[in-house]
Amino acid sequence: MYWLRRGWAELKNEVFVLPSRTAVLAWALALLVLPYVYGDPYVLRIVTLTCLFAIFAASWDLLAGYTGQVNFGHALFFGAGAYASALVSLNFGVTPWVTVWIGALVATAFGVVVGYLCQRLRGSYLSLATLAFPLIALGLLFAFPDFSGGELGVSGLRRLATTVTANYYVAVLAMLAVVFGLWLIADSKFGLVLHAIRDDEVAARASGINTPRYKLAVFAVSAFAAGLAGALFAHYIRVAGPSTLETALSFQVVIWGIFGGAATIYGPVAAVFILYPLTEWLANFRAIGELRLLIFAVIVLLVLLFMPRGLSPWVRDRIETACPRCKQRNRAWRSACRLCGAPLENRGRSAISEKLKSP
Amino acid sequence: MMRSFLMAVALAAASTAQAQGTIKFAILGPMAFVQGENHWAGAEMARDEINKAGGIAVGGKKMQVELIRADTNEVQSVPDATNATERVISRDKADFLIGGFRSEAVLAMQEIAMDSKKIFLGAGAADARLGENVEKNYDRYKYWFRVTPTKSPDLFRSLVAILGSIGDQMRQALKKEQPAVAIVAEKTAWTEPIMKALQATLPKMKMEVVGTWQPSAVATDVTAELSAIERAGADIVFTVISGPVGISLGRQMGERNMKAVAFGINVEAQKDEFWAATAGKGNFVSTLDTYSEVEITPKTVPFVRAFKERYKKAPTYTAATYDAIMMLKAAIEQAGTTDADKLVPVLEKMEHVGTAAVASWDKRHDLIWAVGKTAGIGVQWQDGKKVPFWPPEVKGMQPFKMPAR
């Protein structure tokens, strides 16, 4: 009874006080009940893949959004996880429940290597260097086709679960756990250091922060999450092929990250949940279905034109406002801060965003 | 208001009644690409022909063919291809699946079709692994059948057979015991096993390999490679090319008046636009192909002519979706049902005379390779026309020509 009361109090005081948190809770609950409400296998498949790509997008955001290490070759970690899990599972007959973790660990090793090699690079030089790594990996896969399956990849993989619904829950639970974990990391002291590195690495080092170690750590954590997504993806579609390392996938994750709002974790997740089902839905219309990639590009361009910080910060600024005194967030329609009682002057628009806009 | 409501109800009832009388064939392909266009065009031809004749007889009842167009976007995205497959099965309630092109994607699409126990006739991917799955786990993968092309090792057999025929002609014309062959393979992964196999096979065919050149698949200039090939004294340029470099090679061989003749796989040379793309310089370029106005079967010429008349261009190999639908029609009418488990044994025993091949299947549900039946044809560009020349015993074949020396 005590825990129930405490749980309700937490919900009331920490979640329901802000529309964004309420929306996230509603979204998570909707995902959990979806198979009972609408068990269409096609819809469950789309949401399953959306969840896996959401993990991938959130992992990119931790690295690029929070730490400023804009990775143009993030598919390397996705593909490394997919191939490692697939090859171990197929060649040694190990259950995918074990090999997905092996895939994630192999991706982590790749993350450490890439992070180490790119430690002295910044900005566009870093991005261009990271772009090369998945291309090198593809070259190696094609050079050893007996090992990697060449351009067809590794097929005939075992699924994690046998039914559509069970596979769906694997993906949803993995996504909720990983995204929440990444959000906790980003919201912790560790995340603050990452912010500092992104904003001014020299100042961060001058403050005594061992920035190379933090950057290596964030490369490893990000690669672990991306690798886990890749491994889950491979066992879901039962093929780990070169498409998991393609440049198009690396750019796709950048688009998701920027569209949703970088340095938020939830922003890229929201972007995947909007854009991936949207492009799939457009495919249902014969007249425009084959133009869906063009439509996708136009939507992304329009959003970035009118919402330069991304979709989720834009929406959040319209439904919540920050207290000018204690900086805590409040519902946009409140007249006084819920914590310190200071009057909220900029109702309906964030004071922070106003400040950012002013010269 | 009430009248609109009643009309809507009546229309809905009518469409349901119509849907009950149809068999749904999902055509899966990259519809923004030429392969997908041909998948769809071939299927449209079959649908219109069957429906015009009254439909497919299923247990004494005539049912119309309904096509579902599914853009798999598989050239760009494997997940998109799997989503399209799931959509046609669970949303559109397709009875049969036909198509596919990119082998990596088709392997994933095959899994979804087999999960739902849907018959899936492959009409685009060549990888042998698709058939190996049937042999390894028959109960799960028995619903997969390959309609076109033959599996990749059999494509190689066709190439070698045609090359042998060209080699014999060369020996007689040049009075040379060992014709010299230069291998030109674009620098992509799929060409590697073919190159290795060629290097091992050609000496056994009493042909000398004078070298291997690997330009980029999108190279616009192959002067350096062709100069080296000329210096090496090659009589045959064996091409393993799917990209636009096939046009550059054909054009520049013509510009240089090369005495060597090009043969192999050249996907650009299979297209009607090749002659114009090479500015009329692509004379003597030859390639393995599927369709031409020759009697591979009695149905080939009428189909190719009707296709050209309707779509204003010749069909490519993925247009054999026509054959796939016709095979299923024959099997359904023989079995008197659309039940997949009952159709599989019927298809396994069938020998279907289609437009692209005379098809019968082995235990992997791969096409049984045979010259004049499923091995394809050799075509050569001669003065602006794509002329079929192999296998010579097929009616309508014309002589293979070589540049004057």
Inset, instruction - Consider A:LEU121 carefully, then state whether it is more than 30 Å from A:ALA196 (Cα to Cα) and in the same structural domain as A:VAL269 (by TED's automatic domain parsing). - result: no
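I'd like to check something: does the range B:29-51 contain any residue that is closer than 24 Å to A:THR247 by Cα, touching a strand residue (DSSP E or B) at 6+ places or on another chain (Cβ under 9 Å) and more than 13 Å from chain A (Cβ to nearest Cβ)?
Pass one, the range B:29-51, residues closer than 24 Å to A:THR247 by Cα: B:29-36.
Cutting the leftovers down to touching a strand residue (DSSP E or B) at 6+ places or on another chain (Cβ under 9 Å) gives us B:29-32, B:35-36.
Add one more test, that the residue is more than 13 Å from chain A (Cβ to nearest Cβ), and what stays is B:35.
Within the range B:29-51, one or more residues are closer than 24 Å to A:THR247 by Cα, touching a strand residue (DSSP E or B) at 6+ places or on another chain (Cβ under 9 Å) and more than 13 Å from chain A (Cβ to nearest Cβ).
How many residues does the range A:224-248 hold that are of a type in the set (A, V, I, L, M, F, W, C) and at the interface with chain B (Cβ under 9 Å from one of its Cβ atoms)?
Qualifying residue count, the range A:224-248: 4.
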Inset, instruction - Please identify the pairs in which a residue from the range A:158-187 that is in the same structural domain as A:VAL218 (by TED's automatic domain parsing) and at negative phi has its Cβ atom under 8 Å from the Cβ atom of a residue that is among the hydroxyl-bearing types (Ser, Thr, Tyr) and not in a helix (DSSP H, G or I), counting only partners at least 6 apart or on another chain. - result: A:ARG158/A:THR95
Inset, instruction - Please specify each residue of the range A:275-312 satisfying the condition of being within 18 Å of B:PRO30 (Cα to Cα), within 11 Å of another protein chain (Cβ to nearest Cβ) and in contact (Cβ under 8 Å) with a residue 12 or more places away in the chain. - result: A:THR279, A:GLU280, A:LEU282, A:ARG292, A:LEU293
Legend entry - Test for B:GLU393: is it more than 18 Å from B:LEU155 (Cβ to Cβ), part of a loop (DSSP other than H, G, I, E, B) and under 19 Å from the mean Cα position of the chain (by Cα): no
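One residue is enough: does the range B:142-156 have a residue meeting the conditions modelled with pLDDT of 95 or more, away from every other protein chain (no Cβ under 14 Å) and touching an Asp or Glu at 6+ places or on another chain (Cβ under 8 Å)?
The initial filter retains those residues of the range B:142-156 that are modelled with pLDDT of 95 or more, namely B:142-147.
Now narrow it down to the ones that are away from every other protein chain (no Cβ under 14 Å): B:142-143, B:145-147.
Pick out the ones that are also touching an Asp or Glu at 6+ places or on another chain (Cβ under 8 Å) and you get B:146-147.
Checked the range B:142-156: at least one residue is modelled with pLDDT of 95 or more, away from every other protein chain (no Cβ under 14 Å) and touching an Asp or Glu at 6+ places or on another chain (Cβ under 8 Å).
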Inset, instruction - Can you run down the residue pairs with Cβ atoms below 8 Å, 6 or more apart or on separate chains, where the first is in the range A:121-132 and among the charged types (D, E, K, R) and the partner is modelled with pLDDT under 95? - result: A:ARG122/A:GLU201
Inset, instruction - Just name the residue that is surrounded by the most Cβ atoms within 10 Å (Cβ to Cβ) out of those in the range A:66-92 that are of a type in the set (Phe, Trp, Tyr) and closer than 14 Å to A:VAL114 by Cβ. - result: A:PHE77
Legend entry - Test: A:TYR266 is of a type in the set (Ser, Thr, Tyr), under 28 Å from A:ARG331 (Cα atoms) and under 21 Å from the mean Cα position of the chain (by Cα): yes
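Considering only residues that are part of a helix (DSSP H, G or I), charged (D, E, K, R) and touching a Pro at 6+ places or on another chain (Cβ under 7 Å), which ones fall in the range B:60-96? Let's see the steps before the verdict.
The initial filter retains those residues of the range B:60-96 that are part of a helix (DSSP H, G or I), namely B:78-91.
Then drop every residue that is not charged (D, E, K, R), which leaves B:80, B:86-87, B:91.
Across the range B:60-96, the qualifying residue is only B:GLU86.
Those residues that are touching a strand residue (DSSP E or B) at 6+ places or on another chain (Cβ under 7 Å) and either under 20 Å from B:PRO388 (Cα atoms) or surrounded by fewer than 20 Cβ atoms within 10 Å (Cβ to Cβ) (or both), I need them from the range B:359-371; list them, please.
The one that is touching a strand residue (DSSP E or B) at 6+ places or on another chain (Cβ under 7 Å) and either under 20 Å from B:PRO388 (Cα atoms) or surrounded by fewer than 20 Cβ atoms within 10 Å (Cβ to Cβ) (or both): B:ILE368.
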Inset, instruction - State all residues of the range B:60-76 that are surrounded by fewer than 21 Cβ atoms within 10 Å (Cβ to Cβ) and either within 18 Å of A:PHE233 (Cβ to Cβ) or of a type in the set (Gly, Ala, Ser) (or both); if no residue qualifies, say none. - result: B:GLY60, B:GLN76
Inset, instruction - Show the residue pairs that are 6+ apart or on different chains and have beta-carbon atoms under 6 Å apart, the first residue being within the range A:231-259 and over 25 Å from A:GLN69 (Cα atoms), the second being crowded, with 24+ Cβ neighbours inside 10 Å and among the aromatic types (Phe, Trp, Tyr). - result: A:ALA240/A:TYR83
Inset, instruction - Could you tell me which numbered condition A:VAL272 fails, if it satisfies all but one of (1) away from chain B (no Cβ under 14 Å); (2) at pLDDT 95 or above? - result: (1)
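Going through the range B:352-387 one residue at a time, which ones are assigned to a strand (DSSP E or B) and either among the β-branched types (Val, Ile, Thr) or more than 18 Å from B:TRP144 (Cα to Cα) (or both)? Step through it out loud before you land on a result.
Start the filter on the range B:352-387 by keeping residues that are assigned to a strand (DSSP E or B), which leaves B:352-353, B:358-359, B:361, B:367, B:377-382, B:385-387.
Residues satisfying the conditions are B:VAL353, B:VAL358, B:ILE377, B:GLY378, B:VAL379, B:GLN380, B:TRP381, B:GLN382, B:LYS385, B:LYS386, B:VAL387.
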Legend entry - Verdict on B:MET327 being in a loop (DSSP other than H, G, I, E, B) and in contact with a strand residue (DSSP E or B) (Cβ under 8 Å, 6 or more places away or on another chain): no
Inset, instruction - Give the range B:285-299 a look and list any residue that's within 17 Å of B:GLY378 (Cβ to Cβ), at pLDDT 95 or above and surrounded by fewer than 24 Cβ atoms within 10 Å (Cβ to Cβ), or say none. - result: none
Inset, instruction - Pull up the range B:130-139, narrow it to residues that are assigned to a helix (DSSP H, G or I) and within 10 Å of chain A (Cβ to nearest Cβ), then point me to the one that is nearest to B:GLU104 (Cα to Cα). - result: B:LEU130
Inset, instruction - Determine which member of the set A:ALA351, A:ALA297, A:ALA262, A:ALA342 is modelled with pLDDT of 80 or more and surrounded by 16 or more Cβ atoms within 10 Å (Cβ to Cβ). - result: A:ALA262
Legend entry - Filtered residue count, the range B:89-129, keeping only those that are of a type outside the set (D, E, K, R) and facing chain A (nearest Cβ under 9 Å): 9
Legend entry - helices (runs of 4 or more DSSP H) enclosed by the range A:1-85 - at least 1 residues per element that are farther than 24 Å from A:ILE136 by Cβ, touching a Leu at 6+ places or on another chain (Cβ under 7 Å) and away from every other protein chain (no Cβ under 14 Å): A:19-37, A:41-60
Legend entry - Lone unmet requirement of (1) hydrophobic (A, V, I, L, M, F, W, C); (2) within 30 Å of A:ALA86 (Cβ to Cβ); (3) in the same structural domain as A:VAL164 (by TED's automatic domain parsing) for A:ALA263: (2)
Inset, instruction - Name the one entry in B:VAL344, B:VAL304 that is part of a helix (DSSP H, G or I), touching a Phe, Trp or Tyr at 6+ places or on another chain (Cβ under 6 Å) and of a type in the set (A, V, I, L, M). - result: B:VAL304
Inset, instruction - Would you please name the residue that is nearest to B:GLU86 (Cα to Cα), looking only at residues in the range B:56-76 that are away from chain A (no Cβ under 14 Å) and modelled with pLDDT under 90? - result: B:GLY59
Inset, instruction - Please identify the pairs in which a residue from the range B:52-77 that is over 21 Å from B:GLN35 (Cα atoms) has its Cβ atom under 8 Å from the Cβ atom of a residue that is surrounded by 13 or more Cβ atoms within 10 Å (Cβ to Cβ) and of a type in the set (Asp, Glu), counting only partners at least 6 apart or on another chain. - result: B:ILE56/B:GLU333; B:ALA57/B:GLU333; B:VAL58/B:GLU333
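The values are calculated or read from the model by the stated rules, or taken from the named source; none is laboratory data. Remember, it's a predicted structure, so these values are computed and weren't measured experimentally. When we count neighbours, we look across all protein chains shown, and the Cβ atoms used for this are built from the backbone with ideal geometry, even at glycine.
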